[in-house]
Amino acid sequence: MGNSFICRRKKDTKDNYGTRSKRMGGRSQRKMLAEEELLHGQALSMALHQHQLSQRFDGSMSRRIRSTSSRRKADPLANNEKKVLESLENIKFKIIVLIHGEGFGAWCWYKTIAQLEEVGLLPTAFDLTGSGIDLTDTNTVTTLAEYSKPLIRYLDTLPENEKVILVGHSSGGACLSYALENFPEKISKAIFLCATMVSKGQRPFDVFAEELGSAERFMQESQFLIYGNGKDKPPTGFMFEKQLMKGLYFNQSPTKDVALAMVSMRPTPLGPIMEKLSLSPEKYGTGRRFYIQTLDDCALSPDLQEKLVRENPPEGVFKIKGSDHCPFFSKPQSLHKILVEIIQIP
């Protein structure tokens, strides 16, 4: 009897422990899901703000997006976080302009905007012409100047003594180069995020040529081209099929961010990435450039990024392990940490 009783007690204890463990695991999972829902709630809030702006302004006007979500009560900051806040208080130029890559829009920076605001910086994101909720027909955007117009208009209206830090993702790097050439005195630092950091006379497309083939072959054979003016006219844009896009851009990104991208991405105008950049040593050459490499990138391979850095050396190079082509989704904390580190460089 006694042995039987002991055996039952041990079994009961084990079952109770397993039940408690499952309950604790369930609570932990629910907490993670709640945090995830909160982040995506912020994204929806930003999308609503964008929609309101589109109702208020003409589609051709540039739009700035600032986080409109209410401030969450911050947890007590750790000592190192306090030091970051204190050091950033002394930074003279705190405006960070975030420029999206091909197919994306200002919406893709929603995590980065929230994180930068939390340390006292002033992030701003733009929809380039024909991107995001900008109402311009993508097929009518034929030059890099036209594509970059919201950024250029913003820089042109900056106060005389104000400077900004530019962050450009993917083909948005061409917009950074264009801005450095035209407004070198208004740019404190230019940060190329797995981006097309081209040399003088190069086209943004040339960066991808090794993987996609020559521009001429791409224009003739690619199944992803868009003919906005008719099949008998030159192509006006391109957009990858969704499954290919997932493999190229989002091989490490969270499922919900991929879903957000799938319903938000738009065709990319072809003209701007086929345009050769005229860059001078007196203007572009004097800019402070930094490069952030993504080491699990299927769209712009680590080898190609290394080649860009080697052929057109920036002031500093940083690397994000385990990141796909969209570190603002796949590695937001790592990206935030590197951006803050670059911002603090004297």
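The values are calculated or read from the model by the stated rules, or taken from the named source; none is laboratory data. Here the structure is a predicted model, which means the values were calculated and not measured. Methodologically, a virtual Cβ is constructed for each residue, glycine included, from the backbone with ideal geometry; neighbour enumeration extends over all protein chains shown. What goes into the accessible areas is simple: the full protein's heavy atoms, side chains included, and nothing from ligands, DNA or RNA. Shrake-Rupley method; radii C 1.70, N 1.55, O 1.52, S 1.80 Å.
See the values below:
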read-out	value
Qualifying residue in the range 108-121 (condition: without any contact (Cβ under 8 Å) to a residue 40 or more places away in the chain, out of contact with any Asp or Glu (no Cβ under 7 Å at 6 or more places or on another chain) and either under 19 Å from LEU180 (Cα atoms) or of a type in the set (A, V, I, L, M) (or both))	no
The listed residue being part of a helix (DSSP H, G or I) and surrounded by 14 or more Cβ atoms within 10 Å (Cβ to Cβ), out of VAL317, VAL309	VAL309
Filter result (β-branched (Val, Ile, Thr) and either closer than 17 Å to PRO269 by Cβ or assigned to a helix (DSSP H, G or I) (or both)) within the range 169-197	THR196
So ARG310, is it out of contact with any helix residue (DSSP H, G or I) (no Cβ under 6 Å at 6 or more places or on another chain) and farther than 21 Å from ASP206 by Cα	no
Long-range neighbours under 7 Å by Cβ, at least six apart or interchain, first residue more than 19 Å from ASN251 (Cβ to Cβ) within the range 296-309, second among the hydrophobic types (A, V, I, L, M, F, W, C) and assigned to a loop (DSSP other than H, G, I, E, B)	LEU308/MET197
Some residue of the range 246-257 being modelled with pLDDT of 95 or more, surrounded by 20 or more Cβ atoms within 10 Å (Cβ to Cβ) and in a strand (DSSP E or B)	no
Of the criteria (1) open to solvent by less than 60 Å² (accessible area, probe 1.4 Å); (2) within 29 Å of VAL141 (Cα to Cα), which one ILE338 fails	(2)
Scan of the range 188-226 for residues that are within 23 Å of the chain's Cα centre (by Cα), among the hydrophobic types (A, V, I, L, M, F, W, C) and at pLDDT 80 or above, ordered by number	ALA190, ILE191, PHE192, LEU193, CYS194, ALA195, MET197, VAL198, PHE205, VAL207, PHE224
Residue count for the range 149-161, restricted to those that are in contact (Cβ under 8 Å) with a residue 60 or more places away in the chain and open to solvent by less than 50 Å² (accessible area, probe 1.4 Å)	3
Selection within the range 265-306 - assigned to a helix (DSSP H, G or I) and either open to solvent by 30 Å² or more (accessible area, probe 1.4 Å) or touching a strand residue (DSSP E or B) at 6+ places or on another chain (Cβ under 6 Å) (or both)	LEU270, GLY285, THR286, PRO302, ASP303, GLN305, GLU306
Matching residues, the range 100-126, being open to solvent by less than 20 Å² (accessible area, probe 1.4 Å) and under 20 Å from PHE240 (Cβ atoms)	HIS100, GLY101, GLU102, GLY103, PHE104, GLY105, CYS108
Positions within the range 229-245 being open to solvent by less than 40 Å² (accessible area, probe 1.4 Å), in contact with a Pro (Cβ under 8 Å, 6 or more places away or on another chain) and either assigned to a loop (DSSP other than H, G, I, E, B) or modelled with pLDDT under 90 (or both), in sequence order	THR236
Cross-chain or 6+ apart pairs with Cβ under 6 Å, the range 312-329 first and more than 15 Å from THR196 (Cα to Cα) and small (Gly, Ala, Ser), then part of a strand (DSSP E or B) and at pLDDT 95 or above	GLY316/PHE290; SER323/THR294
For LEU121: the one exception among (1) touching a strand residue (DSSP E or B) at 6+ places or on another chain (Cβ under 6 Å); (2) closer than 27 Å to LEU270 by Cβ	(2)
Odd one out for SER170, checked against (1) modelled with pLDDT of 95 or more; (2) surrounded by fewer than 18 Cβ atoms within 10 Å (Cβ to Cβ); (3) in contact with a Leu (Cβ under 9 Å, 6 or more places away or on another chain)	(2)
